[in-house]
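Undergrad: If you scroll down you'll find the structure; I have some questions about it.
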Amino acid sequence: MKLAIIGANGQLGTDLQEVFSAEHDVIGLNHSDIEITDINSVKRVLASAKPEIIVNTAAYNLVPEAEKFPEKAFQINGTGVLNLARVCHDLGIRLIHYSTDYVFDGKKQKPYTEDDCPNPLNVYANTKLAGEYFALNYSDNSMVIRVSGIYGKVPSRGKGGNFITTMIKLAKEKAEVRVVNDEILTPTPTYYIAKNTAALIKTGASGLYHMSCEGECSWYEFAKTIWESLQLETPLYSASVKDFPLVVKRPFYSVLENKSLNKLGMNQMPHWKEALKEFLKTFNT
């Protein structure tokens, strides 16, 4: 099968390319190859490449910056996905698109399923939700996959790192590190998302799916496991969101339940702690 990955050199794209290449003919498309905000670029590239499936990981994911530049965030996360969906529909290409746990407001305080109604709190989350609707409603047999707290061996291109690299950097540079204990999520390695996506695509499934590791934790508990696994000596303390200036509204609870994956018998996601410890074994500090 011929498959194109948009954002192939990014954090998720890198693992997708590695996993999919084992079984498929993979075309890696980066920002220099395709401009998703330009429909003519999308038409030209996809008509030339002729993939059977497009996997889109491109996103404007700088959450605080999105508040300052909402038009730019919507252009990439909304209009860019609409362009892909329209062209995929016209050319008979299947579209797989990734979204975020941030489409929820956190008030439920229990894991969110695909049946729960989104209520995004910030610009980034609103633009991502718009992208979901465009992907699902403008393209036949499309799939939207929501993920949570992702990290991988390649740093996020937009953010210049991930939570793990940030924690290690702070541990080296600061006398002590404080991490919030009242924001709850499920950290998930990009490798497992790639692996489970590859398995899911084979089923021909379409629609909306949650794909995060099992279990839940606070950012502090996540950091504590990193500290213990890497034997970091800098003191680590728990803190509250209230202790830090509020740059942008975020959900205090954004745990996803893989209900649709479980229904299909396709949930291959491990517990977050097991996945993290395995990841850190090969992590070069």
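The values are calculated or read from the model by the stated rules, or taken from the named source; none is laboratory data. A quick note: this is a predicted structure, and the numbers were derived from the prediction, not measured. Virtual Cβ from ideal backbone geometry, glycine too; neighbours counted across all protein chains shown. Areas reflect the complete protein model, heavy atoms only, side chains present, ligands, DNA and RNA absent. Shrake-Rupley method; radii C 1.70, N 1.55, O 1.52, S 1.80 Å.
Undergrad: How far, in degrees from 0 to 90, does helix 190-202 lean away from the longest principal axis of the Cα atoms of the chain, to the nearest 10?
TA: 30 degrees
Undergrad: So with the 1.4 Å probe, I'd like the accessible area per residue for the chain, rounded to whole Å².
TA: Working: 13030 Å² over 285 residues.
Solvent-accessible surface per residue comes out at 46 Å².
Undergrad: List the GluC sites (Glu not before Pro) within the range 43-136 that fall in a DSSP loop (any state other than H, G, I, E or B) and whose Cβ has at most 16 other Cβ atoms within 10 Å.
TA: Details: sites: 52, 65, 67, 71, 114, 132; in loops: 52, 114.
Filter output for the range 43-136: 52.
Undergrad: Find out how many positive minus negative residues lie around residue 239, taking Lys and Arg as positive, Asp and Glu as negative, among other residues whose Cβ is under 12 Å from that of residue 239. Present the calculation step by step, with values, prior to reporting the outcome.
TA: Working: positive: 178, 242; negative: 176, 182, 183, 243.
In short, -2.
Undergrad: A follow-up question, please. For the chain, what is the charge dipole size about the Cα centre, in debye to the nearest 20, if Lys and Arg each add +1 at the Cβ and Asp and Glu each add -1 at the Cβ?
TA: Values: 31 positive and 32 negative charges, 35 e Å.
My answer is approximately 160 debye.
Undergrad: Provide, as a two-decimal number, the C-alpha radius of gyration of the range 41-105 over 2.2 N^0.38 Å, N being how many residues it has. Present the calculation step by step, with values, prior to reporting the outcome.
TA: Working: Rg = 13.3 Å, N = 65, 2.2 N^0.38 = 10.7 Å.
It is 1.24.
Undergrad: Using just the alpha carbons, could you tell me how many Å³ per residue the convex hull of the range 113-188 encloses? Intermediate values should be presented prior to the final figure.
TA: Details: hull volume 11.4 nm³, N = 76.
Here the figure is 150 Å³ per residue.
Undergrad: Could I ask something else about it? If amide hydrogens are placed 1.01 Å from N in the peptide plane, which non-local residues have theirs closer than 5 Å to the one on residue 256?
TA: Amide H neighbours of residue 256, under 5 Å, 5+ apart: 112, 186.
Undergrad: Starting from 0.36 nm per residue, how many nanometres of slack lie between residue 140 and residue 117 once their C-alpha separation is accounted for? Before the final figure, lay out the partial values.
TA: Details: separation 23, 0.36 × 23 = 8.28 nm, distance 2.24 nm.
Full-extension gain reported as 6.0 nm.
Undergrad: Then there's this: In the chain, what percent of the accessible surface is made up of carbon and sulfur (1.4 Å probe, ligands and nucleic acids excluded)? Don't jump to the answer; show the numbers that get you there.
TA: Values: 6370 of 13030 Å².
Carbon-and-sulfur percentage of accessible area, whole number: 49.
Undergrad: If you wrap a convex hull around the alpha carbons of the range 223-285, what volume per residue comes out, as a whole number of Å³? Spell out each step's value before the answer.
TA: Details: hull volume 9.0 nm³, N = 63.
Spelled out: Cα convex hull of the range 223-285, divided by residues, is 143 Å³.
Undergrad: Report the extension gain between residue 40 and residue 52 in nm, rounded to one decimal, defined as 0.36 nm multiplied by the number of residues separating them, less their alpha carbon distance. Can you show the working numbers first?
TA: Values: separation 12, 0.36 × 12 = 4.32 nm, distance 1.92 nm.
Taking 0.36 nm per residue and subtracting the Cα distance, the gain is 2.4 nm.
Undergrad: Measure off 7 Å from each Cα along the Cα-to-Cβ vector at residue 109 and residue 206, then give the distance between these two points in nanometres to one decimal.
TA: It is 4.0 nm.
Undergrad: How many percent of the alpha carbon pairs in the range 1-141 exceed a separation of 28 Å? Don't jump to the answer; show the numbers that get you there.
TA: Numbers: 1767 of 9870 pairs.
The share of Cα pairs beyond 28 Å in the range 1-141 comes to 18 percent.
Undergrad: Please list, ordered by chain and number, the residues whose modelled amide H lies under 5 Å from the amide H of residue 98; skip anything fewer than 5 residues away on the same chain.
TA: Counting only residues 5 or more places away or on other chains, the set is 56, 145.
Undergrad: For the chain, which semi-axes, largest first and in whole Å, follow from the square roots of 5 times the eigenvalues of its Cα gyration tensor?
TA: That gives 31, 20, 19 Å for the three semi-axes.
Undergrad: Would you be so kind as to identify which of 135, 36, 103 lies farthest towards the positive end of the dipole of the range 21-155, taking Lys and Arg as +1 and Asp and Glu as -1 on Cβ and the Cα centre as origin?
TA: Sorting the options by dipole projection puts first 103.
Undergrad: Which of 195/277; 110/174; 153/224; 110/273 have a Cα-Cα distance over 24 Å?
TA: Values: 195/277 18 Å; 110/174 35 Å; 153/224 20 Å; 110/273 19 Å.
Check vs 24 Å cut-off fails for 110/174.
Undergrad: Write out the trypsin sites (Lys or Arg not before Pro) in the range 1-56 meeting two conditions: DSSP loop, and at most 10 other Cβ atoms within 10 Å of their Cβ. Intermediate values should be presented prior to the final figure.
TA: On the way: sites: 2, 43, 44; in loops: none.
Here no loop site has a sparse enough neighbourhood.
Undergrad: How far is helix 39-49 tilted, in degrees, relative to the longest principal axis of the Cα atoms in the chain, given as a value from 0 to 90 rounded to the nearest 10?
TA: Roughly 80 degrees, rounded to the nearest 10.
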